[in-house]
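No value in this document is a laboratory result; all are computed from the given coordinates. For clarity, every value in this text was computed on a predicted model and none was experimentally measured. Virtual Cβ from ideal backbone geometry, glycine too; neighbours counted across all protein chains shown.
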Amino acid sequence: MKPLRKPLVAANWKMNMLPTKAVSFIEEFLIHADPSHDYVIAPPFTHLSELGQFLRKGLKLGAQNCHEELSGPYTGEVSASMLVDLGVSYVILGHSERREMNLRENILVSKKIKTALSQGLKVIYCCGESYELRSEGIHLEHIINQLEEDIGVDLGKNLKNVTIAYEPIWAIGTGSSATPAQAQEMHKHIRQWIADQYGSEFKESIRILYGGSVKASNALALSSQPDIDGALVGGASLDIQEFVSIGQAFNTV
Ligand code: PGA
């Protein structure tokens, strides 16, 4: 029996799709998507303004990053309040691709989370281990270390605006997802850590998404695990039928 956490299915478009194509994509997506399901679409920054017209209950906009400072001389950067001003509700922070591209990202994630929350954004916070760490059998410890560094500080009641996405790096974009059992083991471990740090109220309410090669063909098996509350979807979110099917799978359990 699954607890009462409404599934969230989030699309991380990464650096894909032209802005001029995104509008027709969303129009068609809305024809097929069940309006009672919770979706987040996180396109590149350049698409956010145009896609704001499609916001409604069940479809929220997300950004793929924001700066840790509120404003200032940071050429090329985007602030949390700019996103809020465009109607953006969520921001993805701590994604492994950003951690790999910018080595400072690891130490900035915690500050970015606090800044985003302070401006009223909800955060999809990503954590995940490399193939090497899993092979060495230290994946559980690694994720706890990440959680401690990034959200182990006392976020207090603001934790309610954080969704955790467990994304094993070896499963991202590879076509081979973690097995439902591997993902469930980690999600349970994360949930227990939340209980230890933040108490049982958050343990039951926090949504923990799985990400890493989620597709229509594996979504149902992942969604039937008791601690998997949705998905962060990269490649398959660029295909309307795939993405809608993933949403349906997570909402049928
Ligand atoms: P993928 O990406 O679904 O293409 O594996 C997931 C992610 O990076 O969020």
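Tabulated results
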quantity	calculated
For a label point 7 Å along the Cα-to-beta-carbon line of Q53, residues of segment 1-40 with backbone N under 16 Å	19-31
Only Lys, Arg (+1) and Asp, Glu (-1) charged, at Cβ; the chain dipole about Cα centre in debye	580
Relative contact order %, segment 2-78, counting alpha carbon pairs below 8 Å whose residues are six or more apart	32
Sorted by Cβ density within 10 Å, fewest first, the residues V84, V9	V84, V9
Over 29 Å (Cα to Cα) - which of K21/K160; K6/K215; K21/K157; K114/K215; K14/K114 fall in this group	K21/K160; K21/K157; K114/K215
Student exercise, segment 1-109 dipole from Lys, Arg, Asp, Glu Cβ charges, in Debye to nearest 20	420
DSSP bridge orientation in segment 54-204 - percent antiparallel, rounded to nearest 5	10
Cβ-based exposure ranking for Y210, Y198, in which fewest neighbours within 10 Å come first	Y198, Y210
222 nm mean residue ellipticity, helices alone, for the chain (DSSP H n ≥ 4; -39,500 (n - 2.57); rounded to 500)	-12500 deg cm²/dmol
Mean Cα-pair separation over length for the chain, i.e. relative contact order, pairs under 8 Å, 6 or more apart, %	21
Residue (of Y198, I113, A33) at the positive-pole extreme of the chain, dipole from beta-carbon charges	A33
Relative contact order [Cα under 8 Å, 6+ residues apart], segment 180-253, whole percent	32
Isotropic mean projected area of the C-alpha convex hull, the chain (nm²)	12.6
Once exposed loop GluC sites (Glu not before Pro) are cut out (DSSP; at most 15 other Cβ, 10 Å), longest piece of the chain	137-253
Lys/Arg +1, Asp/Glu -1 at C-beta; segment 12-92 dipole; positive extreme among A22, P43, V91	A22
Ranking of M82, M186 by count of other Cβ atoms within 10 Å, fewest first	M82, M186
Magnitude of the charge dipole, segment 76-221, Cβ model with Lys/Arg +1 and Asp/Glu -1, debye to 20	460
